[in-house]
Every structure is written in structure tokens, then in C-alpha cells.
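No value in this document is a laboratory result; all are computed from the given coordinates. Predicted model, so just to flag it, every value in this text is computed and none were measured. All Cβ positions, even for glycine, are placed from backbone atoms using ideal geometry, and neighbour counts span all protein chains on display.
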Amino acid sequence: MQTDVIVVGAGPTGLVLANELALAGTRVVVLEKQPVRSTQSRAGALQPRTAEVLDLRGWLEPLLERALPRGRFGGHFAGLPVELDCRPWQTRYPYPVAIPQARLEAFLEQRLVAQGIGVLRGYEVSAVQQDAGGVAAGDIHGRYLVACDGGHSTVRKLLGVPFPGSAGTMSAVVADITLAAMSADVPSQSGHFSRHIKSRGGLFSVLSPIEGGLYRLMFGSRAGREAMDREAPVAAEEVRDALRTAYPGTELGELRAASRFSNATRLVERYREGRVFFAGDAAHIHLPVGGQGVNLGVQDAFNLGWKLAAAVRGWAPSGLLDSYHAERHPVAARVLHNTRAQGVLTNPSQDENLGALRDIVTDLLRLPDANRYVSGMISGLDVQYPGLGPRLIDFDLTTRDGPTRASRLMRTGRGLLLSLDGKPRSIAGWADRVDHVSAAADAAVGAMLVRPDGYIAWSATDAHPLETALARWFGEAAAASPSLPVRADADLLCR
């Protein structure tokens, strides 16, 4: 089988990447070793920045219809009893979106199938070979391969790519369960994460309702212990004992699904190995605290997808593919850094003095500036890549046909030149890669060039000309490219 890009792994990262590639007209094959999609809820929320990037493609609204009920409360840092307030970051989605990972994956796979691409399930990669012309995974050949196959990545191991970091020192369980009997302290509805944490009998536990009588239970040892084999099955008796310890009077009904996780922390040194790229947990693993894991992988995919498509189509400028590592590796390193810190703060039994540290950090989080700093870090809203402007704020626009928003101009997955100052501009040589929306504005908003992943690559206040930025991110101008008209529906007024 011949294709442009082979994606190994059909989790959220691989499915988002495949959707992005398909949107750009790139041939893609998705390989998944599991014969059926997991039904376990696992990760339970989308961070605000992830909600924003999904909204760039029009995916968020249907996902919100599948989301679980959740109050308007912020995320958390190390389970401390202070909500993280993302409202100062000018986002439409300041609160995490509660959606089980299994439901997110089902939606993304449906979107992929709608584009005529299925997932090849039960396909375990046993060999990866590459040369100057392409890469092969078994009998499937492509120009590039992206490993999205998790923390135990087969592709990474086959290529002998180091995965430096620290091994896990504790083991914990996350399980989807029903209850046969419940005590009064079992929560009936979701609240801030800190309200669900229990500590009894040397165990920490977090029990929160999903829906329809289904609960998600996380539990593990407070003190540092040698991590168990993550592949060891979770027995019902283990879950039953944890419930009885943390919630006396509560009894397990049914164990629907369960898995183990640890505080192992690792990061590949390079996100690219020739024609092979690493994304999601195949590139980085960390303690899943603060709800950052799935979100980090999804944003890897949004960063890489359009760049790979550009390389396949032949217009990628020099260094574009390498910018994936340059931009995303530091972001992951920062997440690993903050999860290490959170791991210490969530385990005060390791040091009697940690209680005092938790009190001080809690007080700091109540200060607006400190809360803004941490909320931007955990949500991903503060990410800004070297040499680029910040993310595009989803401001309101009004057309002759009615109101719209900046995010809705990016549904094509192309770049966007948004002119809001009335000055004439031409993108004749890039019209096959960049949309041009001209607007009249009642404020000095200026103009901006936005990459497909929603980051500003140029603005009218920059010292270098627009053409320099276009060539840097979208390649050289096509010599005979027709000058396409500015989009007919884009006579806009910025409010």
C-alpha cells in the first residue's frame, strides 16, 4: 500500500493528525494495533487552548453536544483548593470541557471516516525502515511516518530512539465503575478537582461521577513505592478494597474498565528521526496531573499536520518540518517540569514540611497575577513559539450576512491573511495556501497573517514585510499562481 503519511496509533493525537492531513488533501493511513477502540473514559477534559484549536476546524461545537455536565469552575494545580482562572487570557472557553477520552476518540474517528479514511485496526507494526525516498511500516509505504503509539511506542523502540527521563516511583489506577452501595461522601455531581480528593489508610483517591451511574475512580499510594507493571491487569478486588478504604460503606458494583499509570517522566531528545516524527505520549510521558496529557498531544498534532501536508504538496520552505521539534519540544519540557512539581505537592506524606509549602502555594494562587501565570501554563493559553506572535484571539466580526468570529475563518486548515485596516494587499503567489479576508474596522486592529494552527506569524506593526513572513511559513511564491479574488463573503467590520 502506498500513501503520503503513515500515522501509527489511533488515540486523540493520531486521529487529530490524520484529520488535519486529510483536510489538506494528503493521503494518510492510520494503523492501530488494538482490534477495537477502548471504551474507558481515561482522560476526562479538554483544556481551554485545546478547545480553541478544535474550534478552528469547527469540531468543538459537536463535541460540546457530547460533553458531560460540568459547572463553570476552573482547572487545578496539584489538586490545591484554588480554581485556575483563564478569563484574563481572553478566551471564549475559560473552563475545561468535560468529555471522556473514549468519546473524543469516537468523534474524531467519525470525522476521519467522513473524509473517506478508516483506521486499520489489529495492525501491529513489527518493522520500520526508511531511506532518502520514504519510510515503510511493514507492507505500507509512505513519504513520512508519525509515531502516535503511546508511551510504550513500538516505533520508537524499533528505531532505537532513546527516551531519557526518570522511571516511575509509584503506581496508580484509573477505573470506570458502578456502585452497588454508596456512603454519604460519594459525590453526586462534579465539582472542582480538589473537592473530590480523599486520603485514607495510606491511599489517595479521586471519585467523580461520569453519567448514568458510572463513576471514574483514581487511587494509589500516598507514599513513594516502586511502580507496578503498568501492563498488569487491574482486579476487581483491588478496586473494591480501595473503595472500602477511601469511602467506608461504599461497595463496588461493576468494574467496566481499568488501567494503570505512574509518575514516570520521559521526553525524547528529538521529535524527528529522518522521515519519522514523534507526537503525543510517544514523545513525552508524565504524571497525569492537571489534565495536560491529551491536550499536549492534540496540540502536537495541530502543529505538525499542516507542516507535513506542506512537505507532501511540495511548497514547504526550508526548515519548516524541523520547526516542529523547535516549537513543541520546549512546550513538553515545560509540562514535564510542572508535573514534577505537582507530583511533589500532591504527596505531602513524603515530607511533613510539605504541608507548609502547600499552604504557601495555595495563598500564591489566590493572587491574580500568580493565578494568571499558572492558568496560562496549565491550559496552554500562554504558549508562544520563538519568532512568532501570540495565538489568534477569537474576536467578533460582522459581515453583511451577519456576525461571525475570527476562528470561523480558519475552517479550511489554510493560512489566513486578515486585513482589518483597509489597506490593499496581495497574496497572489500564495493564494493556493493562504486565504485572504479583507475587512473594514472601527478600531486600529491592523492586519495579521495567521498560521493554520492559529498562531500569528506577522502583523502590520512588524518591521519586516508581509512577503518575508509568507515565504518563511508558506514557501516561495508560485511563479504563475493566479491572483484569486478576496473571499466574497468577507466584507467585514471588526467590533
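Peptides 465-473, 366-374, ordered by how many other C-beta atoms sit within 10 Å of their residues on average, highest first, read 465-473, 366-374.
Packing here is the average count of other Cβ atoms within 10 Å per residue, and on that basis the peptides 186-192, 133-139, highest first, run 133-139, 186-192. Shown here for the stretch 267-333: trypsin sites (Lys or Arg not before Pro) in loop regions (DSSP other than H, G, I, E, B) with at most 16 other Cβ atoms within 10 Å, namely 270. Ranking 361, 63, 84 by how far each Cα lies toward the positive end of the dipole of the chain (charges on Cβ) leaves 63 at the top.
Projecting the Cα atoms of 120, 279, 252 onto the dipole axis of the chain, where Lys and Arg carry +1 and Asp and Glu carry -1 at the beta carbon, places 120 farthest toward the positive end. Of 180, 220, 193, whose Cα points farthest to the positive end of the dipole of the stretch 171-261 (charges on the beta-carbon: +1 Lys, Arg; -1 Asp, Glu; origin at the Cα centre)? Highest projection toward the positive end goes to 193. Loop-located trypsin sites (Lys or Arg not before Pro) across the stretch 31-77 with a Cβ neighbour count of 12 or fewer within 10 Å are 72, with loop assigned by DSSP.
A helix-only calculation puts the chain at -8500 deg cm²/dmol for mean residue ellipticity at 222 nm, using -39500 (n - 2.57) for each DSSP H run of at least four residues, averaged over all residues. Of the beta bridges in the chain, as assigned by DSSP with both residues counted there, near 70 percent are antiparallel.
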